[in-house]
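Notes follow the structure.
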Amino acid sequence: MVAYEHTPVSVSDKRAVVVGGTSGIGQAIALGFATEGADVIATSRSEDAVAETADAIEERGGNTARVTCDVTDADSLEQLRETAVEAFGGIDVVVASQGAISRERILDIGDDDWDFVTDVALDGVRRVTQELAPAMDEDGSIINISSLAARLSMADLPAYAAAKGGVEAFTRASAKELAPGIRVNAIAPGFVITPQNKETYAEGTEKRAKIDERALAGRVAEREEMVGAAVFLGSDASSYVTGEVLTVDGGFADSAL
Ligand SMILES: NC(=O)c1ccc[n+]([C@@H]2O[C@H](COP(=O)([O-])OP(=O)(O)OC[C@H]3O[C@@H](n4cnc5c(N)ncnc54)[C@H](O)[C@@H]3O)[C@@H](O)[C@H]2O)c1
């Protein structure tokens, strides 16, 4: 008799909070978790977007609660924590998917644009961790959404790149401090079609042609293709994975000539 038992990749018993979960990648993760049987709160600043996504979670059989939050405001994150604890009794998985971008170049970008991006994308991740980690149970999992911009040279995105580099460093730092118990990892998506960028990456554009040529997958990603990585990192099947950045880019970053 060979003794063997592995933990399935499942989030069916998890209570998840997805910040930036009412649009794009975060919304796909929220709906993916709900479809897999998790209880999910998907939140952002917009009451309408929160309500629409909560309806979609319920349509997929997930329990949810409706609460807005702004990651630049610690009080609203405290409110989010209280709502999640009241609704679910605790939190197992936190996803930080909120996004902010500026396309000002290095020699042009001013403090306002720089601070706007870093406040949401980097300080926002810190505030989400600080406010929600204390409500997380043993075996919790935090998933921060980074970007290829953290490690590739990209023009026109200095604040975004710096913020995402910070997110990856902060992910490793918080994995260390919150261990054992809470695991902290990041997902670095490649080029993913979302409502905000569908024109930038539209078929026929020069950018799209370059992505299609370099990515080993030969194409951009659909947002749903980020869900599997998040389910894995949120599941106990990834119990030995922490402080990692999981790149989901169709082989773009490591593709040579
Ligand atoms: N789409 C891509 O190609 C791509 C690639 C790499 C990384 N990312 C990252 O993935 C994440 C999601 O991006 P997306 O493309 O889905 O964008 P998106 O704009 O569709 O979603 C971002 C979400 O964040 C919310 N948000 C913005 N500011 C907020 C704030 N202050 N407080 C709370 N919520 C706030 C928005 O309302 C929205 O729900 C971001 O971190 C982004 O940097 C995206």
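Brief remarks follow.
- According to the Cα-based calculation, Rg over Rh for the stretch 96-135 is 1.12, with Rh computed by the Kirkwood formula.
- Across the stretch 137-143, computed HN-Hα scalar couplings (Karplus, 6.51 cos²θ - 1.76 cosθ + 1.60, θ = phi - 60°) run 7, 3, 6, x, 9, 9, 10 Hz from first to last residue, x flagging Gly and Pro.
- Size estimate for the chain follows the Kirkwood approach: the inverse of mean 1/r over distinct Cα pairs works out to 18.5 Å.
- Translational D in µm²/s for the stretch 127-250 (Stokes-Einstein at 10 °C, 1.306 mPa s, Kirkwood Rh from C-alpha pairs): 102
- Under Karplus coefficients 6.51, -1.76 and 1.60, residue-wise ³J(HN,Hα) of the stretch 205-215 in Hz, glycine/proline x: 7, 5, 4, 4, 4, 5, 5, 4, 6, 7, 5
- With the largest listed first and rounded to whole Å, the semi-axes of the equivalent ellipsoid of the stretch 1-53 from the Cα gyration tensor are 31, 9, 8.
- Helix content alone sets the calculated 222 nm mean residue ellipticity of the chain: runs of n ≥ 4 DSSP H residues at -39500 (n - 2.57) each, divided across all residues, give -11500 deg cm²/dmol.
- Distance from the stretch 178-257 to the stretch 64-130 (C-alpha centre basis), Å: 20
- Dipole magnitude for the stretch 115-234: computed about the Cα centre from +1 point charges on Lys and Arg Cβ and -1 point charges on Asp and Glu Cβ, it is near 320 debye.
- DSSP beta bridges in the chain [antiparallel fraction, %, rounded to 5]: 0
- Among GLY99, GLY110, GLY61: highest mean-square fluctuation, GNM of the chain, C-alpha pairs under 10 Å: GLY110
No lab work stands behind these numbers, since they all come straight from the coordinates. It should be emphasised that the depicted structure is a prediction, and the values quoted were computed from it without experimental measurement. No Cβ is skipped: glycine too gets one built from the backbone with ideal geometry, and neighbour counts run over all protein chains shown.
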